1. Kindly report, to the nearest 10 Å², the accessible surface of Val227 as traced by a 1.4 Å probe over protein heavy atoms only.
2. Looking at the calculated P(r) for the chain, what percent of the C-alpha pair distances fall above 36 Å?
3. Determine, for each peptide in 164-176, 74-86, the mean count of other beta carbons within 10 angstrom over its residues, then list the peptides with the highest first.
4. Per residue of the chain, what 222 nm ellipticity follows from adding -39500 (n - 2.57) for every DSSP H run with n ≥ 4, rounded to the nearest 500?
5. Relative contact order of the range 28-174, please, whole-number percent, based on alpha carbon pairs below 8 angstrom and at least 6 residues apart.
6. In whole percent, how big is the carbon plus sulfur part of the accessible area of the chain, probe 1.4 Å, protein atoms only?
7. Counting heavy atoms of the protein chains only and a 1.4 Å probe, report the per residue accessible area for the range 1-155 as a whole number of Å².
8. How large is the convex hull of the Cα atoms of the range 219-322 per residue, expressed in Å³ as a whole number?
Amino acid sequence: MKEIIKVESKRVLKSQMFIVFLVSVILLSISSSFQAVKSYELWDEGGFVASGWENLKHGKENAGNRSIEDAIATRRGQEEAVFVDETNIEKLVALNYQDKTAGELSDGEINLFFENRLRTIERRLDENINVDYTESEKERFMKEAEKLTSLTVGFSEGWKVLNRDMGSFIVIILVMISIIIMPLFADETQTRMQELSRSAMKGKKQLNFARIITAYGMGSILYIFAVLLCFFIKMMPFGFSGANELIQSSENTFFSVFHISYMQQFIWNCLRGYVSLIFMVSLTMLISVMLEQIMAGIAAICFYWGLLLIMNQMISFEVNHMFANFMPLRLAGSIDFYNRNELYRFAGRTFDSIVWCPVVALILSIGMAVLAMWQLHRKTSEGASSLVIYGRWKNCWNNKNRGHGGCCALYLCGKWK
């Protein structure tokens, strides 16, 4: 079995293919990192103010690790916010105090920072037009939100951009992995293994099982390798500080009720991405088994991703809630899982979308894998039956040449054993 897995792995992931995958991951990571740094460039009416590197350097040197109350108090009496360590504070203030600036806040308002946040979260739950929350569900959300009683604000830009951009990177990696493993179950004319492997049913079953292990194993290795490579390349310009800061220090997740750090958010994103990988490997396996042609399989995968992109552009809660949330595009990269407070009700219980959607995606993946294995088993049985029929016909033909011309007719009538 190990030898078969090794042979199949080398067959679909040749050295040239691995080099292409490696170079693609490196280029994507470098490009994403470069664009992230460039997004920190500072401009005003007079033109260029500072480069992204200068802005980040200023942030590292001046952000410190202060409580949000102290950071807001420090901003009072200062000039307009320019650098990232200053604008981060102003963005949180604007979110929490209805577009006010830090300089406009009194000591009493600053001391009510977390109470203001809770009121905003409660109002959003009451005004949500997509979900009719029960009182117990609202209480559960508010209880989670109340866990945030202090917030440290420092320099954590690397973790912010990493978690922000991780979804789009994972989607590209999933497409590449799908194409790489497609030949495992597609047309085998190049390797001439189709007729040979069907000569023994047990041999074909062993080959199918080895290929299934290869698909999930190779996909997992490539996924982990790509994520680790992206992580280090993406974080190098920013540094690794801020891993233990809570995600509420970011304007994108300030109103999230999940009391987790940036490191924990990254782990969650990686886990959701891995579930998406399992889904895509199962789907690719099913498509390639059904179509049996590599180009047809690739076309089907491209059509599937195109359909997901169209759905993502529709921005429809119903479509997302009932379908797209369980698919790799949103499952791997959507920030809505942290902010939307979306619920799923099943068997009298309520589940957060960040937990429910990966579980359902895993169940769907298992279903597709089982269907693909059943199809492989059916083809194996048909192949073995065809081989037996061919052998009997050959015996009939030989007997006919020896003067037993009636045996083929008897065989066709079902009387020849």
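The values are calculated or read from the model by the stated rules, or taken from the named source; none is laboratory data. These numbers come from a predicted model, not from an experiment. Cβ coordinates were reconstructed from backbone atoms using ideal geometry, including for glycine residues, and neighbour counts include every protein chain displayed. Note: accessible area is taken over every heavy atom of the protein model, side chains too, but ligands, DNA and RNA are not part of it. Shrake-Rupley method; radii C 1.70, N 1.55, O 1.52, S 1.80 Å.
1. 10 Å²
2. Beyond 36 Å sits 43 percent of the P(r) for the chain.
3. 164-176, 74-86
4. -22500 deg cm²/dmol
5. Once divided by the residue count of the range 28-174, the mean separation gives 25 percent.
6. Ligands and nucleic acids excluded, carbon and sulfur reach 61 percent.
7. Per-residue value: 60 Å².
8. Spread over its residues, the Cα hull of the range 219-322 gives 155 Å³ apiece.
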